[in-house]
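Engineer: Here it is, the structure in full.
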Amino acid sequence: MVLVLRSARILDTGRGSGDATQTVDILVDGMKIARIADHIDPPEDASVFDASRYLITPGFVNAHGHFAMTLLRGLADEVSLEVWLKQYMFPREALMNGDDVYYGSLLALAEGMMSGTTTFADMYFSEDDVARAVGEAGVRANLSTGTASLDNEHGKLQKSEEFVVRWNNKADGRIKASFGPHAPYTASPEFVQENFERARELGVIVQFHLHETRKEIEDFTAVHGTSPITYYAEQGFFDNPPRLLAAHCVHMTARDTEILREAGASIVLNIQSNLKLGSGIPDYRLLLGSGVNLCIGTDGAASNDNVDMLEELRVLGLVMKGSTQDAADISNTSLLAMGWSNGAKALGFEDVGTVSEGAAADLVLWDLDDESFCPQNNVASHLLWSANSRAVDSVMVAGSWVMENGQLLGIDLDKVRFEVARRARRLASG
Ligand SMILES: [Zn+2]
């Protein structure tokens, strides 16, 4: 497709403040943004789209989640992570089949797309069914097989590896695959090490829950004498590391963050999940000053409880400002970068997360006529602090529309709602 998006508003993040906008024409050629200019004469084969009522931004990058947990939404609201996982999640996940995972994933992807997300991360099981959902939805994703039990680790590692080989860089590069040792309390150090080694060999990232609760660190320290991150570093897991995507990192010391910085890791912040499960609030001064690439994820919908990145950015920004008692601790530009380019970098999609020439044409059209954008005193501010998913009009991924005028093109939402409700009833009664 060759398309000129005429007279669109984009955020002028190049000026530093991120608060200014420019009105431009954007030429989309194939899967890329070919040109951005004040005026573009459309090439002969191009169609022209009047974008004058839209703010056009990159799609959000949801850097940590478990799509199919939409099926388990609302099953346990007043319990800690340990009880939530062991008493409510694991027993029901054991009952899930591939189609459950497929429909649950489609629902999460639909929610994400309708709230402005174009790139996702997932860690779950039956991951081929997740890849099937991602392919049909038309979005971009980095998928990993989560290994959440200490039994039969060898077979699980082999399955993870086979998945990576089968799916990495597939669907025109929209799908990347990675390894996903679940967490220090569900995977042995030897298994974690093997995951790192295979990821290094295959040139893919490792998705890993780390330092989510104080209990995780205390239990691990009782056995190994130190925190998971420090222990893994001392064992050499982080020497010449593959790219590590460390989810949560709620409880961190200066040494822990320094280890992750030296390892070139990214930290995915999951504020709503951490708040809801009572896991704690990170020391944001420490994280913001650490030099580690910080990005944002919703986590699964059973602990969030939705897949809305704009809401996630807003809550994160509010808690950062509130917990540090300094409204200047995080700028609008920095917060948006965490939701866009930082996440893309963490997931290995280097040309995603910006509206710039040569970047992937992954775009969200926000309706500036929505009252949340009125009076346009500061459009970036309105996007972050006032707007919601209601203002998302259309979404493009890799130069193709995946949502137009509020309608998803690759997902039959009525059917997905029906199937998820039917399957969730079966799982809830299990
Ligand atoms: Zn998670």
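Engineer: Can you tell me how many residues in the range 385-415 are part of a helix (DSSP H, G or I), touching a strand residue (DSSP E or B) at 6+ places or on another chain (Cβ under 9 Å) and open to solvent by less than 90 Å² (accessible area, probe 1.4 Å)? Break it down into steps so the answer makes sense when it comes.
Structural biologist: Just the residues of the range 385-415 that are part of a helix (DSSP H, G or I), to begin with: 385, 389-391, 413-415.
Among the residues that remain, those that are also touching a strand residue (DSSP E or B) at 6+ places or on another chain (Cβ under 9 Å) are: 390-391, 413.
Narrowing further to those that are open to solvent by less than 90 Å² (accessible area, probe 1.4 Å): 391, 413.
Total meeting the criteria: 2.
Engineer: May I pose another question? All but one of (1) within 26 Å of G399 (Cβ to Cβ); (2) open to solvent by 10 Å² or more (accessible area, probe 1.4 Å); (3) of a type in the set (S, T, N, Q) hold for T145, so report the exception by its number.
Structural biologist: The failed condition is (1).
Engineer: Can you find a residue that is open to solvent by less than 10 Å² (accessible area, probe 1.4 Å), within 16 Å of the ligand (Cβ to nearest atom), in the same structural domain as A302 (by TED's automatic domain parsing) and among the acidic types (D, E) anywhere in the range 205-213?
Structural biologist: Taking every residue of the range 205-213 in turn, at least one turns out to be open to solvent by less than 10 Å² (accessible area, probe 1.4 Å), within 16 Å of the ligand (Cβ to nearest atom), in the same structural domain as A302 (by TED's automatic domain parsing) and among the acidic types (D, E).
Engineer: Could you pull out every one of the helices (runs of 4 or more DSSP H) wholly within the range 224-332 that has 3 or more residues that are within 16 Å of the ligand (Cβ to nearest atom) and either open to solvent by less than 10 Å² (accessible area, probe 1.4 Å) or outside the structural domain of S115 (by TED's automatic domain parsing) (or both)?
Structural biologist: Of the helices (runs of 4 or more DSSP H) lying wholly inside the range 224-332, those with at least 3 residues that are within 16 Å of the ligand (Cβ to nearest atom) and either open to solvent by less than 10 Å² (accessible area, probe 1.4 Å) or outside the structural domain of S115 (by TED's automatic domain parsing) (or both) span 271-276, 309-324.
Engineer: Taking the range 154-193, which residues are more than 30 Å from V395 (Cβ to Cβ) and either assigned by TED's automatic domain parsing to the domain that holds V395 or touching a residue at least 40 places away in the same chain (Cβ under 8 Å) (or both)?
Structural biologist: Passing the criteria: L157, E161, H182, P184, A187, P189, F191, V192, Q193.
Engineer: Go through (1) assigned to a helix (DSSP H, G or I); (2) surrounded by fewer than 22 Cβ atoms within 10 Å (Cβ to Cβ); (3) over 22 Å from the mean Cα position of the chain (by Cα) and name the single condition E216 misses.
Structural biologist: (2)
Engineer: Based on what the data block shows, is K176 in a helix (DSSP H, G or I), touching a strand residue (DSSP E or B) at 6+ places or on another chain (Cβ under 7 Å) and open to solvent by 20 Å² or more (accessible area, probe 1.4 Å)?
Structural biologist: no
Engineer: Please indicate, with yes or no, whether at least one residue in the range 308-323 is in contact with a Leu (Cβ under 9 Å, 6 or more places away or on another chain) and among the hydroxyl-bearing types (S, T, Y).
Structural biologist: No - not one qualifying residue is present in the range 308-323.
Engineer: Against the conditions (1) at pLDDT below 90; (2) under 24 Å from K215 (Cα atoms); (3) in a helix (DSSP H, G or I), where does E190 fall short? Just the number, please.
Structural biologist: For E190, the failing item is (1).
Engineer: Output yes when any residue across the range 140-150 is at pLDDT 95 or above and assigned to a helix (DSSP H, G or I), and no when none is.
Structural biologist: no
The values are calculated or read from the model by the stated rules, or taken from the named source; none is laboratory data. Remember, predicted model here, so these are calculated numbers, not experimental data. For neighbour counting, all protein chains shown are included, and Cβ atoms are generated from backbone atoms with ideal geometry for every residue, glycine included. What goes into the accessible areas is simple: the full protein's heavy atoms, side chains included, and nothing from ligands, DNA or RNA. Shrake-Rupley method; radii C 1.70, N 1.55, O 1.52, S 1.80 Å.
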